[in-house]
Structures are given as C-alpha cells and as structure tokens.
Amino acid sequence: MARDVRLIRSPISVAGMVLTTISAVLFLVVFLADLFGLHTNPYIGIIFFLLLPALFIVGLAMIPIGASIERRRRAAGKSPSSVQWPRLDLNDPRQRGIAVIVFVLTMTNIVIVSLASYRGVEYMETSQFCGQVCHTVMEPEYVAHREGPHSRVVCVECHVGSGAQSFVYYKLNGVRQLAHLVSGNYPRPIPSPVFNLRPARNTCEMCHSPETFHGDKVDIVPEFASDEKNTSNSTRLVMHVGGGLPEFGLGAGIHWHNNSQIEIDFVATDAKRQEIPYVRLKDKDGQIHEFRTPTVTDAQVANGERRRMDCIDCHNRPTHAFFATPERAVDAAIARGAIAAELPFARRQAVEALKAEYADRTAAERGIGDRLRAFYSANAGATASSQKADVDQLVTTTQFLYARSVFPAMKVSWGAHADNLGHTDAPGCFRCHDDQHKTADGRVIKQDCDLCHEIQ
C-alpha cells in the first residue's frame, strides 16, 4: 500500500506547496498595486519583488525535497508520513479535470516566476533601490543626485550600462558591496573618484556632444557679505567653454581638452587624483609632448595611475555635488531667493548656524531653529510681522542646507569631496595649469586666467 501513497503528500512537500501558493498570490496582489502606482516605498519593493520571488522558488524546491525524503523513509521500511491519494486515471472525467487544473496552475507559476524575475531586475535598476535600500551608506550620494541636474537619469545609466557583460560585472560587484554593507565594513565617506566608472564616451557623451560648438557662457558666481545688508559681491565670469572642431570654427576653449583630434593622458600619484605631476599630449599633427613637474621621478610616473583624460576628470561631481563650505551653500540660497536678502544679517547667522557642531541630524534641525529664532527674537525689527515669514524661511532653508550637505553617520561634511570644476575650493584646473608642468624644450602648461574666462 505504501507504493500507492503520493510522495508529495509529505509534510515538507505540502509546506512547500503552501509557501509557493501564498507567495504567488501576494506577489500578484502587490504587482497589481505597483502597476497602478499604489505604493512608492523602496522597502516594499525589495520585499515583494526580491523576497517573495525567492520564497516562491524555495517553496517549489521544497516539493521535490519532501518527496525525496519520503522515498528514503519508505526504503528504510518506515511507515508513510502521508495519506493515500487515488491513482490518476485520465479516463475519469473528474481526475482529468484535476489534471488540467494542475497543468494550468503550473503554467501560471511559470508566468509568475518570469514576471517576478523581470520586476526584480527592473527594480534593482531604479535610483530608489540604489539610494534608499542601502540607506545609511548611499544616503549622501542619493540626496545629492536627487537635488542635482541629472536627477532624472537613473543610476544604472552611468554606473552599469547596457549589455549582458555590464549587467553581470556590476551585479557581481553589487554582491561584494552587499557583503560589506551587512558586515559594516565599508569606508566612511564613500571614496571618490570611482575607479571602475564607465568611460565618458559611454555615459556623458551619449547626451553631450564634445564636437558641438559651445562658444562662451556667462556665469554669475554669487557671493554676499556677512554684514547687516547681506551686501552682494557677486562675480560675473564669461567662460570660454569652447569645444568643437576647427572645421566648425573653433578648436579652443575649456573643452579643447576633449577635442577628438588630440589625446591627453596624465598620471596621478594619489588616490583622489589631486596630484598630477605628469601630462602627455598628442597634438593634431601626431607629435608627442610630455609635461613634468620639476620634482617628479620616473618611478612616480611609472607607478602612478595613468589615465586618458575625459569629462569626469573636471566634472568629477556631475550629479553628486556637495557644497564645499557653508558660505557657498548660503550664498547660493540667497541668490536663488530661498533666503531673503532683505533680512538683516541673514547670511552671517545662517553660516554660523551651519558651522556649529551637532550630535546628529535631529539635534541639528532643532539647534538651527532655536539658534536663528533666538537671534531674531532679540531684534525688534526682525520680529515684526513683515519679517516673520522671512525668519521662518531662513530657518527652513538653513535646516535643508544642513540635511543636504552633512551626513554624520557617513562622515560627510563640508568639503568632504573635492570638486575639480574650477579652482576656488580645490586645486581643480591648477592640478595641471600651474606654470610648473614643462616639456624638455621649455613648453609650459600656463596658469593664465584668460585661457578659461574673463572677469567682468
């Protein structure tokens, strides 16, 4: 009689069938909720589009495992752990109907696994997955990306790319990062630059064409004094953006560095690429020019990181930019109207509030509000009804600037990451343009302001 008992009626197999059925039903419900935009929380996504499909597959695996265990029980002469089922006879209309139902359910399960796999992969390619699932680790980069000019470009467009090879490589790299996350063994802050970032020709240049003429661009650098009137000291720059090719009328300007008719290689001797003692230029005629600083040695050139210059070497924080100083952050806020320039000492008070030390994010929000309101409550003019809204806006904006720039858990604060676009808060252009890089025949990489801009 034991041979007549169906092996999948063992407790393990039955538990697997229950687990598979429950996960399938839950997945279908949440899939429909996601399809109609009824949830946006990233943690719901990781639970339902990664965990549930995994449980579904585990349940399927438990069915044959339970049957195998049951087979061994019988081979050892033990009594069956399941009840008898009738034999399947397709001549019996009832049993034939049951067989059809089982077949349909099996096909449905295949569809469910396919949908789950697709949605799981699709979900892992969203910015929410990259930035919010690993909340503490990636919070600074995610917040900067969300507030940056490329906020509508998803992370994988630059960090993964298309094709099976890229997908496999970066997902395996993601497994390594997940292990570091679980163990807590990750650097604070996340170091930059990213050494395995895809080349600019496969990222930036998919939208921005280096061959296109750009001409000059007017750039206003906002600066305000810390006096009562928040006096504007803004600088107007005419930036020689340049670019393009000579046949289009231009082959100069800042984007000359990315001209397709030349090649620029450099060697960096530090991990942050801030020290560049060697530059190699291959000009449009094919001639090679090697520029060296006076103290660099052949060993340093040989052992340093050699790299072909591209967009990221200057635009190194294109969408993960942080303010270098509280002064920069407040000046930008006043310039865009987020802080009222008419509010007395607004610039000074906001900067001092941002520079103060706070235990954590909650303490900072409370401390900034208390500090600013205490100052203006002592000033009868500032507490007038006409300025109350300006004080409230000052508090809100200053709290936002702190939350946008300071992340204590990741040790990210003002100036944590050098921005090479310019030369005010980091060496930037002056890493090469310092009048120190020279060729053997006396050619120099000049530190001439007019090469890049005019101050007006």
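If you scan segment 168-224, which residues turn out to be more than 22 Å from Thr319 (Cα to Cα), of a type in the set (Phe, Trp, Tyr) and without any contact (Cβ under 8 Å) to a residue 40 or more places away in the chain?
Those that are more than 22 Å from Thr319 (Cα to Cα), of a type in the set (Phe, Trp, Tyr) and without any contact (Cβ under 8 Å) to a residue 40 or more places away in the chain: Tyr169, Phe213.
Could you please let me know if Ala302 is in the same structural domain as Tyr402 (by TED's automatic domain parsing) and either within 31 Å of the chain's Cα centre (by Cα) or assigned to a helix (DSSP H, G or I) (or both)?
Numbers: in the same structural domain as Tyr402 (by TED's automatic domain parsing): no; either within 31 Å of the chain's Cα centre (by Cα) or assigned to a helix (DSSP H, G or I) (or both): yes.
Judged against the criteria, Ala302 is not a match.
Filter segment 69-96 down to residues that are among the aliphatic types (A, V, I, L, M) and assigned to a loop (DSSP other than H, G, I, E, B) and give me whichever is modelled with the lowest pLDDT.
Residues of segment 69-96 among the aliphatic types (A, V, I, L, M): 69, 75-76, 83, 88, 90.
Filter once more, so that each one left must be assigned to a loop (DSSP other than H, G, I, E, B): 76, 83, 88, 90.
On the way: Ala76: 76, Val83: 49, Leu88: 67, Leu90: 74.
Checking each candidate, the answer is Val83.
Condition test on Arg361, is it touching an Asp or Glu at 6+ places or on another chain (Cβ under 7 Å), under 22 Å from His145 (Cα atoms), touching a residue at least 40 places away in the same chain (Cβ under 8 Å) and among the basic types (Lys, Arg)?
On the way: touching an Asp or Glu at 6+ places or on another chain (Cβ under 7 Å): no; under 22 Å from His145 (Cα atoms): yes; touching a residue at least 40 places away in the same chain (Cβ under 8 Å): yes; among the basic types (Lys, Arg): yes.
Criteria not met by Arg361.
Under 9 Å by Cβ, and 6 or more places apart or on different chains, what pairs join a residue from segment 389-414 that is of a type in the set (A, V, I, L, M) with one that is assigned to a strand (DSSP E or B) and at pLDDT 90 or above?
Between residues of segment 389-414 that are of a type in the set (A, V, I, L, M) and residues that are assigned to a strand (DSSP E or B) and at pLDDT 90 or above, the close pairs are Val406/Val412.
Here are Ala268, Ala252, Ala200: which of them is more than 30 Å from Arg336 (Cα to Cα) and loosely packed, with under 15 Cβ neighbours inside 10 Å?
On the way: Ala268 fails: loosely packed, with under 15 Cβ neighbours inside 10 Å; Ala200 fails: loosely packed, with under 15 Cβ neighbours inside 10 Å.
Answer to the check: Ala252.
So in segment 1-22, with the set limited to residues that are of a type in the set (Lys, Arg) and not in a loop (DSSP other than H, G, I, E, B), which one is modelled with the lowest pLDDT? Spell out how you get there, then give the answer.
Taking segment 1-22 and keeping what is of a type in the set (Lys, Arg), we get 3, 6, 9.
Now restrict to residues that are not in a loop (DSSP other than H, G, I, E, B): 3, 9.
Values: Arg3: 47, Arg9: 67.
Restricting to residues being of a type in the set (Lys, Arg) and not in a loop (DSSP other than H, G, I, E, B), the top hit is Arg3.
Hey, does segment 52-68 have a residue that's modelled with pLDDT under 75, aliphatic (A, V, I, L, M), in the same structural domain as Val18 (by TED's automatic domain parsing) and assigned to a helix (DSSP H, G or I)? Steps first, answer last, please.
Residues of segment 52-68 that are modelled with pLDDT under 75, as a first pass: 52.
The next check asks that each one be aliphatic (A, V, I, L, M); those that pass are 52.
Pick out the ones that are also in the same structural domain as Val18 (by TED's automatic domain parsing) and you get 52.
Then drop every residue that is not assigned to a helix (DSSP H, G or I), which leaves 52.
Among the residues of segment 52-68, at least one is modelled with pLDDT under 75, aliphatic (A, V, I, L, M), in the same structural domain as Val18 (by TED's automatic domain parsing) and assigned to a helix (DSSP H, G or I), which makes the answer yes.
Does Val391 fit the bill of being in contact with a Lys or Arg (Cβ under 8 Å, 6 or more places away or on another chain), crowded, with 18+ Cβ neighbours inside 10 Å and in a helix (DSSP H, G or I)?
On the way: in contact with a Lys or Arg (Cβ under 8 Å, 6 or more places away or on another chain): yes; crowded, with 18+ Cβ neighbours inside 10 Å: yes; in a helix (DSSP H, G or I): yes.
Judged against the criteria, Val391 is a match.
With a cut-off of at least 3 residues that are among the small types (Gly, Ala, Ser) and crowded, with 21+ Cβ neighbours inside 10 Å, name the helices (runs of 4 or more DSSP H) lying wholly within segment 325-385. Outline the logic, then answer.
On the way: elements: 326-335, 346-355, 361-377.
Result: 346-355.
Taking the stated definitions as given, is Lys272 among the basic types (Lys, Arg) and closer than 30 Å to Arg347 by Cα? Talk me through it step by step, then tell me what you get.
Values: among the basic types (Lys, Arg): yes; closer than 30 Å to Arg347 by Cα: no.
No.
Tell me which residues, restricted to segment 390-410, are under 19 Å from His145 (Cβ atoms) and not hydroxyl-bearing (Ser, Thr, Tyr). Walk me through it before giving the result.
Looking only at segment 390-410, we keep the residues that are under 19 Å from His145 (Cβ atoms), and these are 400-407, 409-410.
Passing the criteria: Phe400, Leu401, Ala403, Arg404, Val406, Phe407, Ala409, Met410.
Would you mention how many residues in segment 192-224 are among the aliphatic types (A, V, I, L, M) and touching a helix residue (DSSP H, G or I) at 6+ places or on another chain (Cβ under 7 Å)? Steps first, please.
Kept after step one, since they are among the aliphatic types (A, V, I, L, M), are these residues of segment 192-224: 194, 197, 200, 206, 218, 220-221.
Still in the running and touching a helix residue (DSSP H, G or I) at 6+ places or on another chain (Cβ under 7 Å): 197, 200.
Within segment 192-224, residues that are among the aliphatic types (A, V, I, L, M) and touching a helix residue (DSSP H, G or I) at 6+ places or on another chain (Cβ under 7 Å) number 2.
Looking at the structure I just gave you, is Ser232 closer than 26 Å to Ile455 by Cα, polar (S, T, N, Q), out of contact with any Ser or Thr (no Cβ under 7 Å at 6 or more places or on another chain) and touching a residue at least 40 places away in the same chain (Cβ under 8 Å)?
Working: closer than 26 Å to Ile455 by Cα: yes; polar (S, T, N, Q): yes; out of contact with any Ser or Thr (no Cβ under 7 Å at 6 or more places or on another chain): yes; touching a residue at least 40 places away in the same chain (Cβ under 8 Å): yes.
Taking the combined requirement at face value, the residue satisfies it.
The values are calculated or read from the model by the stated rules, or taken from the named source; none is laboratory data. Worth saying up front: this structure is predicted, and the values here are computed from it rather than measured. Note that each Cβ is placed from the backbone with ideal geometry, even for glycine, and that neighbours are counted across all protein chains shown.
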